[in-house]
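Novice: One structure, pasted below without further comment.
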Amino acid sequence: MECTWFLNGIFDLFRIRGKIVKYRPTTGFSNRESFKAIIYSAELARVFILLGLPAGDKTRQSYLVPSWIMNGSPEIKAEFLRVLFNFDGSISLRTRRESAIEMNYTMNKHKDFISNGEQFLSQLKTLLSQFGVSSGKIHIRYCAKEKYTLMLFITNGPSILRFHEKIGFLNDDKIQRLETAVFRINKYRRINQGAEILARLKDKSGTDRIAIEKINEISQVRYTRRQFEHMRRGETLIPIDMLFAARKILKE
């Protein structure tokens, strides 16, 4: 549980104990009980506020990503995104259409603070893009009691792969779901690039038949020589799974 991880980290750093409290959220789309970590320490609260953390009801607060993070090292930015998505992000895996994968980050804002929420998510888009992760436009949906849910989606297969490689999660369940997403993307997703990689493999192997035999030895899907030939010529989209296999054979 994220709350336990957070409280253990606080205790390791500051030797201050906190507690976990169960509550039922009044915003968002879930009716299930949630949990929050509470720490009673005025000194620690002041430290967090100086670092740029909002105090009080975040739905009625204006805040942005602290400048020391926006201008920080790649390691700081990656760690910030990892913790942020670990707490308020999710990854959706469909059972009927395995190739449909969606990651999202959500936050709730009172109607008077929607603009600030959009600014915050725009900053997240900027940080994600620095790791090669593309996110879509910001979606806003009415929630309840003058509050709205703002959502940022990542649905691009290569972007999810880069999120897995360079950012990731801390929660074991989310780590496993992301690993499953990576497996499905490698197996099903196709992209409009990489024909030159297949051409290099064909030149090195001598024929399309030998090249695809080598690919089929390590790929998760079996391909025919005709499929390989069309993809090598750039006549059809190429499975990421095939490209990974080709690059592994070429030792690239």
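The values are calculated or read from the model by the stated rules, or taken from the named source; none is laboratory data. Please read all numbers here as calculations on a predicted model, not as lab measurements. For neighbour counting, all protein chains shown are included, and Cβ atoms are generated from backbone atoms with ideal geometry for every residue, glycine included. Remember, those area values only see protein heavy atoms, side chains included, never the ligands or the DNA or RNA. Shrake-Rupley method; radii C 1.70, N 1.55, O 1.52, S 1.80 Å.
Novice: Please go through region 155-194 and give me each residue that is polar (S, T, N, Q) and in contact (Cβ under 8 Å) with a residue 12 or more places away in the chain, ordered by number. Give the steps one after another, and end with the answer.
Specialist: Narrowing region 155-194 to residues polar (S, T, N, Q): 155-156, 159, 171, 176, 180, 186, 192-193.
Once the filter is applied, which keeps residues that are polar (S, T, N, Q) and in contact (Cβ under 8 Å) with a residue 12 or more places away in the chain, region 155-194 yields T155, N156, S159, N171, T180, N186, N192, Q193.
Novice: Which ones in region 132-185 are of a type in the set (K, R) and over 29 Å from F6 (Cα atoms)? If you could, list the steps in order and put the result at the bottom.
Specialist: Pass one, region 132-185, residues of a type in the set (K, R): 137, 141, 145, 147, 162, 166, 174, 177, 184.
Answer for region 132-185, where residues must be of a type in the set (K, R) and over 29 Å from F6 (Cα atoms): K137, R141, K145, R184.
Novice: Which number in (1) in a strand (DSSP E or B); (2) out of contact with any Leu (no Cβ under 6 Å at 6 or more places or on another chain); (3) in contact (Cβ under 8 Å) with a residue 12 or more places away in the chain; (4) open to solvent by 10 Å² or more (accessible area, probe 1.4 Å) marks the one condition that M107 misses?
Specialist: Answer for M107: the failing condition is (2).
Novice: Next up: Kindly establish whether I138 is within 21 Å of N186 (Cβ to Cβ), under 16 Å from the mean Cα position of the chain (by Cα) and of a type in the set (V, I, T).
Specialist: The answer is no for I138.
Novice: Name the single residue that is farthest from the chain's Cα centre (by Cα) among those in region 172-185 being surrounded by fewer than 17 Cβ atoms within 10 Å (Cβ to Cβ) and closer than 13 Å to G89 by Cα.
Specialist: Once the filter is applied, the top-ranked residue is D173.
Novice: Looking only at region 150-160, which residues are within 12 Å of T106 (Cβ to Cβ) and buried (at least 19 other Cβ atoms within 10 Å of the Cβ)?
Specialist: Passing the criteria: L150, L152.
Novice: What is the one condition in (1) farther than 29 Å from E102 by Cβ; (2) open to solvent by 20 Å² or more (accessible area, probe 1.4 Å) that I191 does not satisfy?
Specialist: Unmet condition: (1).
Novice: Taking region 85-102, which residues are open to solvent by less than 60 Å² (accessible area, probe 1.4 Å) and either at pLDDT 95 or above or among the basic types (K, R) (or both)?
Specialist: Within region 85-102, F85 is the sole residue that qualifies.
Novice: While we're looking at this one, here's another question. Regarding K137, is this residue crowded, with 17+ Cβ neighbours inside 10 Å and outside any helix (DSSP H, G or I)?
Specialist: So K137 fails the test.
Novice: Contact list please: Cβ distance under 6 Å, first residue in region 36-56 and under 22 Å from T4 (Cβ atoms), second residue in a strand (DSSP E or B) and open to solvent by 50 Å² or more (accessible area, probe 1.4 Å), pairs at least six apart or on different chains.
Specialist: Within 6 Å, the pairs are A37/I20; I38/K19.
Novice: Name the pairs: first residue in region 59-71 and among the charged types (D, E, K, R), second residue open to solvent by less than 40 Å² (accessible area, probe 1.4 Å), Cβ to Cβ under 6 Å, at least 6 apart or on different chains?
Specialist: R60/H110
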